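The block underneath contains the structure these notes are about, expressed in C-alpha cells.
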Amino acid sequence: MTMSGPADARYVVFLETISTLRPALHRYCARMTGSVTDGEDVVQESLFEAYRNLDRFDESRPLKPWLFRIAHNRCIDFLRRKGVRDEAEAAAATPEAVSPAVPATLGVGKAVEHLVASLPPKERASVLLKDVFDYSLEEIAELVDTSVGGVKAALNRARTKLASSPASSQPVRTTNPELLRIMGLYVDRFNRHDWDGVRELVSADATLTVADRFAGAFADAQYFFNYNRWPWPWKLAVGELDGEPAVIVLRGAGDTWTFYSAIRMDVAGQKVERITDYIHCPWIIQAAASVSLGGTTS
C-alpha cells in the first residue's frame, strides 16, 4: 500500500517493535476518550509523536511509561478539543488529603472500565492506571503530572463514584439517516467489488486513513487493490460499534463470519468525505462494549 503522512516505512518498523504494547495503549486511550475508534486515533497520534522524538528518549528507562505519558497527554488534548473541562480547577480547590479509610478496590471487568467515562479526566486516568494497568502511585503521579497525594485523592473520589454508579449503559445517540443510507450503498458496492460504484459515493477531495498504513487523499490510495489481496475471506456490513454507526469488517472461516474490525466514515452533501479504516487494528473490536449488525450483538 502506498504510504503517506505518518505511515512511512520507518514508522511501520517502529510500530512492529512496540506491537506488544499497542493493545494496552489502545485500551487506555479508548477508556479515556470514551470511544474505541477515537481511542485508536489518539494512539496513532501518540505513536507518531513518540516516533518523531525517539532521539530524545533515554534508552536506560523503560519504554512503556514513556509511551503512556505521551498517550495520556494526547487524551487530555482530545478531551479539551471535545469540550470536556479539565478538572484541574476543581481539584485545586479540593484538599489533596485522603481520609484514613482506604477505599475498596473495585473489580476491573469490562463493565467497570466503561463506567470510568463518567469521571473527570484525572480521576479517570488514576483509576485506569491503578486498577486496570497496576501502576504504582508514584508512577501514576509522574504520568498525570501530579503528586502522590493527588493520585490518592483522585482514586478515592473515583472509586466512591464508581461504587455508587448504576450499571453501564450506552448513551442514546442521534442517528443520521443520510449516513446510514450512504453506508448501506457503500457496503453493498464494496462487497460486490463494484469499485466504480464506490467511487461515485466518495467526494473528489475525500480523505482516507488506513490506520498504520496510509493517510492522505482517497484518490491517491491503492485501497481497493489491497482489499482484493487480503489473505482471508472478508465482507463488510452496516452496524454499530459502542452505539455509533460503523461499517463492520467481518472475517470468514468456513461458514462462520466473525467481527474483525471497523471502518468509520463521515458524510456531507450526500458524499463520503472522510474514511478511517481500522483493518490493521483488530483490537478495537475486542475493546468495544458492544458490536452489532442488524439483530446480532456481541
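I'd like the FRET efficiency for residue 225 and residue 20, computed as 1/(1 + (r/R0)^6) with the beta carbon distance as r and R0 of 35 Å, rounded to 0.05. Kindly include the intermediate steps, with their values, before the conclusion.
Working: r = 30 Å, r/R0 = 0.85.
Here the calculated transfer efficiency is 0.70.
Could I have the simple spin-label model distance between residue 9 and residue 161, label points 7 Å from Cα toward Cβ, reported in nm to one decimal?
4.8
What list of ³J(HN,Hα) values in whole Hz, one per residue of the stretch 62-78 in order, does the Karplus curve 6.51 cos²θ - 1.76 cosθ + 1.60 (θ = phi - 60°) give from phi, with Gly and Pro shown as x?
With the stated coefficients, the stretch 62-78 comes to x, 6, 4, x, 4, 5, 5, 5, 4, 4, 4, 5, 5, 5, 5, 4, 4 Hz.
Of the heavy-atom accessible surface of the stretch 168-298 (probe 1.4 angstrom), what whole percent is carbon and sulfur?
Of the solvent-accessible surface of the stretch 168-298, carbon and sulfur hold 48 percent.
Note down the net charge around residue 262, summing +1 for each Lys or Arg and -1 for each Asp or Glu among other residues with Cβ under 11 Å from its Cβ.
So the environment of residue 262 carries a net charge of -4.
With every protein chain left in place, what is the accessible area per residue of the stretch 139-298 in square angstrom, probe 1.4 Å?
On the way: 7650 Å² over 160 residues.
On a per-residue basis, the stretch 139-298 sits at 48 Å².
Strictly over 30 Å apart at the Cα level, which of 64/235; 64/152; 235/271; 130/235; 122/271; 122/235 would you flag in this model?
64/235; 130/235; 122/271; 122/235
The values are calculated or read from the model by the stated rules, or taken from the named source; none is laboratory data. The model shown is predicted, which means the values in this text are computed figures rather than measured ones. Neighbour counts run over all protein chains shown; Cβ positions are idealised from the backbone, glycine included. Calculation scope for accessible area: heavy atoms of the full protein, side chains included, ligands and nucleic acids excluded. Shrake-Rupley method; radii C 1.70, N 1.55, O 1.52, S 1.80 Å.
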